[in-house]
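Chemist: Pasting a structure here, questions to come.
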Amino acid sequence: MGINYTFLRGNDFLSNFGVRYLGQIYFGDVFVSYAHIMYQFYNIFTLITISVISGLQSKITVTKLSSFNKDFIRKTYRKLLKTITPFIFGTLIVIILFNTQILSFIFPKYVDYNELLIKVSLTSFLFMLIQPLVFIMIYNNKMANLKTLNVLQYIAITIVYVIPYFFSNFNEEYWLLLVMTIFIVIQGLFSIQNYKRI
């Protein structure tokens with residue numbers, strides 16, 4: 001897939017950079033500080049998901065094109081979720097039950113953001129549900145309209161980035177969550193569309 005894949009995965013870097021740079025302009029230094037912390041927890045979930053997907057790459061990729069069908073996708077998707085879910089659920093339960101204690105131990109100045117930490121963790125759950133399907137399509141070179149997907153992703157993130165500019169009272173935490181989820185949702189919609197075409 002060449003450069004298109006680089007642009008597809010480059011959104012992670014772009015969202016991390018954009019949140020810090022624009023977040024400081026829109027909301028100030030405190031926002032940048034707690035957004036950075038939230039991304040560290042978010043990255044725990046994404047790394048678990050991507051590690052499992054990468055580890056099972058040989059089982060996700062078909063050896064014959066004729067083997068790639070909806071039945072293969074469903075079985076592979078279930079296999080990935082079955083492997084990922086215990087780790088994600090375990091981490092999610094720990095964060096939901098002990099979010100205040102975790103923040104007070106590691107980042108005591110940001111204990112007030114314990115509810116945001118739960119929301120970020122739930123956003124990571126969305127990542128876990130969507131990314132296996134995305135990678136099944138990518139590894140088997142079945143992600144049609146990849147250029148369109150990339151263009152749409154970058155248009156969407158640009159729109160999200162300028163929302164606080166036009167709406168000065170826009171909630172900063174919602175903006176952070178929107179930046180985290182916009183790429184996931186768009187990739188998920190394209191993956192489902194490609195799945196239906198098979």
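Here, each number is a calculation from the coordinates, and none is a lab measurement. The shown structure was predicted, so the numbers you read here are calculated from the model rather than taken from an experiment. With ideal geometry, Cβ positions are generated from the backbone for all residues, glycine too; neighbour counts draw on all protein chains shown.
Let's see how each residue does on (1) buried (at least 18 other Cβ atoms within 10 Å of the Cβ); (2) within 20 Å of the chain's Cα centre (by Cα):
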residue	(1), (2)
Leu80	yes, yes
Ile96	no, yes
Thr100	no, no
Pro108	no, no
Val111	no, no
Ser121	yes, yes
Leu129	no, yes
Tyr139	yes, yes
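Chemist: Next question, about the same structure. Check Thr63 against each of (1) part of a helix (DSSP H, G or I); (2) of a type in the set (Ser, Thr, Tyr); (3) closer than 30 Å to Tyr195 by Cα and name the one condition it does not meet.
Modeler: (1)
Chemist: Counting only residues that are over 28 Å from Tyr21 (Cα atoms) and in contact (Cβ under 8 Å) with a residue 12 or more places away in the chain, give me the helices (runs of 4 or more DSSP H) lying completely in segment 88-198 with at least 3 of them.
Modeler: Working: elements: 114-139, 146-166, 172-197.
Result: 114-139, 172-197.
Chemist: Using beta carbons and a limit of 6 Å, which pairs, at least six apart or on different chains, have the first residue in segment 14-34 and without any contact (Cβ under 8 Å) to a residue 24 or more places away in the chain and the second one among the acidic types (Asp, Glu) and surrounded by fewer than 15 Cβ atoms within 10 Å (Cβ to Cβ)?
Modeler: Close Cβ pairs (under 6 Å, with a partner that is among the acidic types (Asp, Glu) and surrounded by fewer than 15 Cβ atoms within 10 Å (Cβ to Cβ)) do not exist here.
Chemist: May I ask you to list the residues in segment 44-76 that are over 14 Å from the mean Cα position of the chain (by Cα) and small (Gly, Ala, Ser)?
Modeler: Ser54, Gly55, Ser58, Ser66, Ser67
Chemist: Follow-up. Is there a residue being of a type outside the set (Val, Ile, Thr), within 23 Å of Phe13 (Cβ to Cβ) and surrounded by fewer than 19 Cβ atoms within 10 Å (Cβ to Cβ) anywhere in segment 182-198? First the steps, then the outcome.
Modeler: First, pick out the residues of segment 182-198 that are of a type outside the set (Val, Ile, Thr): 183, 187-191, 193-197.
So of that shortlist, the ones also within 23 Å of Phe13 (Cβ to Cβ) come out as 183, 187-191.
Those left that are additionally surrounded by fewer than 19 Cβ atoms within 10 Å (Cβ to Cβ): 188-189.
Looking for residues that are of a type outside the set (Val, Ile, Thr), within 23 Å of Phe13 (Cβ to Cβ) and surrounded by fewer than 19 Cβ atoms within 10 Å (Cβ to Cβ), one finds at least one in segment 182-198, hence yes.
Chemist: Determine if segment 123-135 includes at least one residue that is out of contact with any helix residue (DSSP H, G or I) (no Cβ under 8 Å at 6 or more places or on another chain) and either farther than 16 Å from Val185 by Cβ or among the small types (Gly, Ala, Ser) (or both). Reasoning before the result, please.
Modeler: Of all residues in segment 123-135, those out of contact with any helix residue (DSSP H, G or I) (no Cβ under 8 Å at 6 or more places or on another chain) come to none.
Among the residues of segment 123-135, not one is out of contact with any helix residue (DSSP H, G or I) (no Cβ under 8 Å at 6 or more places or on another chain) and either farther than 16 Å from Val185 by Cβ or among the small types (Gly, Ala, Ser) (or both), which makes the answer no.
Chemist: Moving to a separate point now. Would you confirm, using the coordinates I've provided, whether Thr91 is closer than 22 Å to Phe125 by Cβ and more than 18 Å from the chain's Cα centre (by Cα)? Walk me through it before giving the result.
Modeler: Details: closer than 22 Å to Phe125 by Cβ: yes; more than 18 Å from the chain's Cα centre (by Cα): no.
When the stated conditions are applied, Thr91 does not pass them.
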